[in-house]
Amino acid sequence: MTNTPRKLGLARNTSNYGDRDFALYLRKTFAKSMGYSQAMLDRPVVGIADTASDYNNCHRTIPELVEAVKRGVLAAGGLPLAFPTISICEPSLSPCSMHYRNLMALDTETMLANQPMDAAVLIGGCDKTVPAQLMAAISSGTPSVMLVTGPMLAQAFEGERLSACTDCRRYWARYRAGEVSEEKINTLEGKLATTAGTCGVMGTASTMACLAATLGFMPLDAASAPAVHADRLRIAEEAGAQAVRLIHKPVTPLSLMSQGNLDNAVRVLLAIGGSTNAIVHLAAIAGRAGLSLDLKRLDALSEETPVLVDLKPTGEGYMEDFHSAGGMQALLWELRDLLDLGALDLDGVTLGERIGDGDHYVNRKIVRARGEPVSPVGGLVALHGSLAPEGAILKRSAATPALFETEARCMVFDGLEDLANRIDDPDLDVTPQDILVLKNVGPRSPAGMPEAGYLPIPKKLARQGVKDMVRMSDCRMSGTAFGTIVLHIAPEASVGGPLALVQTGDRIRLSVKERRLDLLVEESVLAERRAAWREAPAPKRGWDRLVHEQVTQAPLGADLRFLTASGE
Ligand code: FES
Ligand code: MG
């Protein structure tokens with residue numbers, strides 16, 4: 001018997017058993033058991049990656065989003081079939097969510113590539129989910145529309161507005177400093193995140209949503225429409241319709257990943273004062289497409305890209321303010337001379353056309369004009385030097401300028417446990433001028449590159465009113481945090497990078513002006529320490545072992561080597 005010709009929908013061959021026609025017959029038989037009419041089964045299929053999970057508060061609205069996507073698919077002539085993948089909620093996983101981003105990418109890629117579907121809608125939202133799904137889409141080659149759950153709303157409380165999670169951190173720091181009572185911090189626990197949706201500030205979730213829209217994987221207003229707004233459901237319905245359009249005019253996710261589009265994404269990341277995590281995610285997404293996110297390029301773009309969006313943690317507003325202020329369209333219009341306006345989205349529309357002709361409402365308090373930026377230069381800088389030969393990142397827009405040029409002795413913590421054990425010790429030999437260093441928390445460490453870069457100010461200093469100190473590590477920081485914090489130091493300590501050799505009392509020099517991060521210790525001393533350094537034992541089995549064997553350093557996206565475009 002000859003091979004069945006390649007067809008759309010459930011008539012597509014994905015399994016074999018050595019008799020393709022029988023495999024297809026079997027699948028159709030079981031599809032019939034779901035009660036679909038033949039007319040439905042003849043339609044092309046849009047797979048819907050459903051990441052609802054009782055563990056994921058940020059994805060609580062996904063059941064109704066799936067329903068809305070299905071409406072859109074059905075109305076446009078497709079058959080929608082939702083399927084589960086793993087879901088990653090930022091505060092819920094051990095050792096940290098980042099450790100599983102690549103697992104979600106691998107799960108999603110595998111299901112996209114190997115189930116019968118002609119296009120997909122990927123529903124994500126919480127920090128790691130959107131990068132995981134974009135990585136999966138690019139690697140699987142399945143034409144895919146991105147849909148995010150959308151940000152939560154801020155809540156009025158005692159005369160101010162609150163939302164996760166910049167305000168969580170701000171209040172926790174004040175509680176640690178003794179400025180907020182136990183009773184109040186407990187009350188606040190129920191006031192900081194009060195609606196469905198992702199964190200309401202320009203944290204990682206919102207940043208990744210803005211980047212996915214910039215890259216063309218979803219419409220511009222889909223980046224910021226609140227989770228509970230009726231528009232969010234209309235956006236979901238349109239995502240379903242767009243996926244059906246993609247079936248008839250397939251555009252691969254890879255084809256959106258031009259250098260121009262990648263630069264556009266970096267520009268937007270800078271202009272929104274976006275999360276440092278997005279640099280790692282964007283590097284991983286680029287790596288799936290055979291591109292790289294060069295840190296020196298990021299730095300050059302940062303010099304000529306102003307911060308225009310005034311949202312927490314860099315500024316004042318919340319995502320709902322950005323949305324009603326004009327959102328991505330207003331922002332991109334302001335940046336238009338810096339962007340590759342010819343970059344295409346999934347519908348083949350250029351960025352220039354998507355931005356329009358400037359005839360849109362803008363609230364200038366939130367989306368600033370080029371002449372009145374929040375900051376004339378971008379929020380992020382890349383540092384290099386003897387302590388970070390492959391680079392490190394500083395979010396200068398959330399840092400204290402007075403600390404930009406610092407040379408000081410350092411206090412080193414060997415890992416998270418050491419940090420937890422000693423940071424609040426009243427006898428800790430530390431002054432406000434010292435630099436706090438945390439090591440063994442990079443992508444290959446057992447800690448899995450957590451968001452621990454926002455080291456707490458030692459309690460005894462916090463109580464003296466110290467609000468910021470220079471802190472550095474090989475891990476990440478929440479996109480909602482603030483402080484003079486150097487992150488993603490590469491190579492990390494766990495692979496024996498220079499960070500592994502730093503000891504308490506060493507002097508370190510940070511120069512934001514020169515983009516340098518240097519360890520001021522004699523080479524002969526470092527050579528002795530290097531000879532004595534020992535790698536931690538490798539995990540014996542499972543995902544931890546695969547990560548240990550395959551994970552790349554932060555500048556390459558902390559992806560697994562065998563999943564990147566080059567596979568190396
Ligand atoms: Fe999910 Fe912040 S915890 S977006
Ligand atoms: Mg976050």
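The values are calculated or read from the model by the stated rules, or taken from the named source; none is laboratory data. None of the values given here were measured: they were computed from a predicted structure. With ideal geometry, Cβ positions are generated from the backbone for all residues, glycine too; neighbour counts draw on all protein chains shown.
Things worth noting here:
- Test: residue in segment 290-297 that is over 29 Å from residue 143 (Cβ atoms) and in contact (Cβ under 8 Å) with a residue 12 or more places away in the chain: yes
- Pairs, first of a type in the set (Gly, Ala, Ser) in segment 338-350, second surrounded by fewer than 18 Cβ atoms within 10 Å (Cβ to Cβ) and assigned to a strand (DSSP E or B), C-beta under 8 Å, six or more apart: 342/350; 343/350
- The requirement of being assigned by TED's automatic domain parsing to the domain that holds residue 211 and assigned to a helix (DSSP H, G or I) is not satisfied by residue 341.
- Tally of residues being touching a residue at least 40 places away in the same chain (Cβ under 8 Å) and among the aliphatic types (A, V, I, L, M) across segment 408-429: 3
- When residue 78 is tested against (1) in contact (Cβ under 8 Å) with a residue 12 or more places away in the chain; (2) surrounded by fewer than 24 Cβ atoms within 10 Å (Cβ to Cβ), exactly one condition is not met: (2).
- Filtered by the rule that a residue be in contact (Cβ under 8 Å) with a residue 40 or more places away in the chain, among the aliphatic types (A, V, I, L, M) and away from ligand 2 (no atom under 16 Å from the Cβ), segment 107-135 gives 111, 112, 117, 119, 120, 121, 122, 123, 134, 135.
One line per residue, one yes/no per condition, for (1) within 29 Å of residue 271 (Cα to Cα); (2) surrounded by 15 or more Cβ atoms within 10 Å (Cβ to Cβ); (3) touching a helix residue (DSSP H, G or I) at 6+ places or on another chain (Cβ under 6 Å):
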| position | (1), (2), (3) |
| --- | --- |
| 355 | yes, yes, yes |
| 361 | yes, no, no |
| 381 | yes, yes, yes |
| 409 | no, yes, no |
| 414 | no, yes, no |
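- Scan of segment 246-263 for residues that are within 24 Å of residue 9 (Cα to Cα) and of a type in the set (Gly, Ala, Ser), ordered by number: 255
- If only residues of segment 218-230 that are within 15 Å of residue 355 (Cα to Cα) and among the hydrophobic types (A, V, I, L, M, F, W, C) are counted, the one that is nearest to the chain's Cα centre (by Cα) is 223.
- Residue in segment 345-354 that is assigned by TED's automatic domain parsing to the domain that holds residue 309 and either in contact with a Ser or Thr (Cβ under 7 Å, 6 or more places away or on another chain) or on the phi > 0 side of the Ramachandran plot (or both) present: yes
- Test: residue 120 is touching a Pro at 6+ places or on another chain (Cβ under 9 Å) and not in a helix (DSSP H, G or I): yes
- Residue in segment 310-322 that is over 22 Å from residue 483 (Cβ atoms), in contact (Cβ under 8 Å) with a residue 12 or more places away in the chain and in contact with a Pro (Cβ under 8 Å, 6 or more places away or on another chain) present: yes
- The number of residues in segment 270-303 that are more than 16 Å from ligand 1 (Cβ to nearest atom), more than 11 Å from the chain's Cα centre (by Cα) and over 23 Å from residue 385 (Cβ atoms) comes to 8.
- Single condition residue 501 does not satisfy, out of (1) in contact with a Leu (Cβ under 6 Å, 6 or more places away or on another chain); (2) more than 28 Å from residue 203 (Cβ to Cβ); (3) in contact (Cβ under 8 Å) with a residue 60 or more places away in the chain: (3)
- Beta carbons closer than 6 Å, at least 6 apart along the sequence or on distinct chains, never pair a first residue in segment 174-194 that is closer than 20 Å to residue 152 by Cβ with a second that is among the basic types (Lys, Arg).
- Take the conditions (1) part of a helix (DSSP H, G or I); (2) among the hydrophobic types (A, V, I, L, M, F, W, C); (3) within 16 Å of ligand 2 (Cβ to nearest atom); (4) more than 15 Å from the chain's Cα centre (by Cα); residue 233 misses just one of them, which is (3).
- Segment 145-168, subset within 16 Å of ligand 1 (Cβ to nearest atom) and assigned to a strand (DSSP E or B), residue surrounded by the fewest Cβ atoms within 10 Å (Cβ to Cβ): 155
- The sole residue among 239, 209 that is assigned to a helix (DSSP H, G or I), within 16 Å of ligand 2 (Cβ to nearest atom) and either under 20 Å from residue 87 (Cβ atoms) or of a type in the set (S, T, N, Q) (or both) is 209.
- If you go through segment 455-477 and pick out every residue that is in contact with a helix residue (DSSP H, G or I) (Cβ under 7 Å, 6 or more places away or on another chain) and within 16 Å of ligand 2 (Cβ to nearest atom), you end up with 1.
- Any hit, segment 47-57, residues being closer than 21 Å to residue 226 by Cβ, within 16 Å of ligand 1 (Cβ to nearest atom), at pLDDT 95 or above and acidic (Asp, Glu): no
- Residue check, residue 91 farther than 17 Å from residue 546 by Cβ, at pLDDT below 95, assigned to a helix (DSSP H, G or I) and not acidic (Asp, Glu): yes
- The condition (being at pLDDT 95 or above, closer than 30 Å to residue 260 by Cβ and either within 14 Å of ligand 1 (Cβ to nearest atom) or assigned to a loop (DSSP other than H, G, I, E, B) (or both)) is satisfied by just one residue among 214, 142, 195: 142.
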